[in-house]
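Note sheet for the following structure.
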Amino acid sequence: MLNDTNKPEFWETAFKEKQEMWGFQPSRSAVIVNDFFVREGVRNILIPGIGYGRNAQLFKDNGMTVTGIEISETAIEMARKHYGPDMVIHHGSVTAMPFDAYKYDGIFCYALIHLLDGEERAKLISDCYNQLSEGGYMVFTVISRTAQTYGQGTMIGKDRFEMFGGVKMFFYDHTSIQEEFGNAGLFEITAVQENYPFFLIKCRKDGSSTAG
C-alpha cells in the first residue's frame, strides 16, 4: 500500500512549491557526487526521484547521460521545459522499479529513500544495486537523526515520524545506515549540511556484496 509520499497527487502541488524554494541550482550533494562520478569515469547514470531536474543538469553538463524516474507529471513537465526534452524520464514511483533493463555506471538518489517505509527502502536499495554495472557506484543522500525535526509529529516506528501534513520520514544514523546498506557495497558515509543535516552514502558493486 502506498504511503502519502508515494501518491502522485501528493507531489503535483509539492513540486511547484519546491521549485520556488530550491530554484535551479543543484544541491550541495549533487555537486559532491558529480565531482566523484567525474573522477571515477562514470558516464551513464540513473536518478530515481529526479524531480524537476535541478540535480540532473550538472551531470549532463559534465558529459554524463542521465535517465530519471519521477512520480510527478508536473515535475516531469517542468524538467522538460527548463532542461530540454531529450532526457529519458520514466513516469512512476521508485517502488515500481525497474523501469528498464539497463545497467548504469552510477546511481544518485537524493533525499528520497527516507520518505519510504522499511520494506520500500530495502527494495529501493536492492533495485538500484541490481541496475548497477560491475564496478558501478550508487550514492544516496539521507536525512540524519541530528535534524531538528527528529522526534516531531507522531512516531510511527523506530526513528520514523509522520509530520508536515502527512509526510512520513525515517531518520538515519550510522547504525541504521550499516544495517540497510551494509550488504550493498557500502564503503563511505559522509555528513553533508544542506537545508537539513544529511548523510552521503556511497556504495560500490564489486561482486562480493549480497544486496538483491
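The values are calculated or read from the model by the stated rules, or taken from the named source; none is laboratory data. Bear in mind that the values here come from a model prediction, so they are computed numbers and not experimental data. Glycine gets a Cβ as well: all are built from the backbone with ideal geometry, and neighbour counts include every protein chain shown.
The numbered conditions (1) within 21 Å of Ile45 (Cα to Cα); (2) buried (at least 19 other Cβ atoms within 10 Å of the Cβ); (3) over 16 Å from the mean Cα position of the chain (by Cα) are all true for Phe161 except (1).
Of all the numbered requirements in (1) surrounded by 22 or more Cβ atoms within 10 Å (Cβ to Cβ); (2) in a strand (DSSP E or B); (3) touching a residue at least 24 places away in the same chain (Cβ under 8 Å), Ala75 misses one, and that requirement is (2). State yes or no: is Val139 β-branched (Val, Ile, Thr), surrounded by fewer than 22 Cβ atoms within 10 Å (Cβ to Cβ) and within 28 Å of Val66 (Cβ to Cβ)? When the stated conditions are applied, Val139 does not pass them. Exactly one residue out of Asp105, Asp86, Asp127, Asp100 is out of contact with any helix residue (DSSP H, G or I) (no Cβ under 7 Å at 6 or more places or on another chain) and in a strand (DSSP E or B): that is Asp105.
Of the candidates Ile107, Ile125, the single residue that is out of contact with any strand residue (DSSP E or B) (no Cβ under 7 Å at 6 or more places or on another chain), within 30 Å of Thr65 (Cβ to Cβ) and either of a type in the set (A, V, I, L, M) or crowded, with 16+ Cβ neighbours inside 10 Å (or both) is Ile125.
Surrounded by 13 or more Cβ atoms within 10 Å (Cβ to Cβ) and assigned to a helix (DSSP H, G or I), is that true of Glu120? Even if it seems obvious, please write down each step before you answer.
Numbers: surrounded by 13 or more Cβ atoms within 10 Å (Cβ to Cβ): yes; assigned to a helix (DSSP H, G or I): yes.
When the stated conditions are applied, Glu120 passes them.
Filter the range 11-67 for residues that are in contact with a Phe, Trp or Tyr (Cβ under 8 Å, 6 or more places away or on another chain) and at positive phi; which is modelled with the highest pLDDT? Out of the qualifying residues, it is Gly49. For the range 46-70, give me the residue count where each residue is of a type in the set (A, V, I, L, M) and part of a loop (DSSP other than H, G, I, E, B). Result for the range 46-70: 2. Does Lys202 fit the bill of being part of a strand (DSSP E or B) and among the basic types (Lys, Arg)? Considered against the rule, which asks whether it is part of a strand (DSSP E or B) and among the basic types (Lys, Arg), Lys202 comes out as yes.
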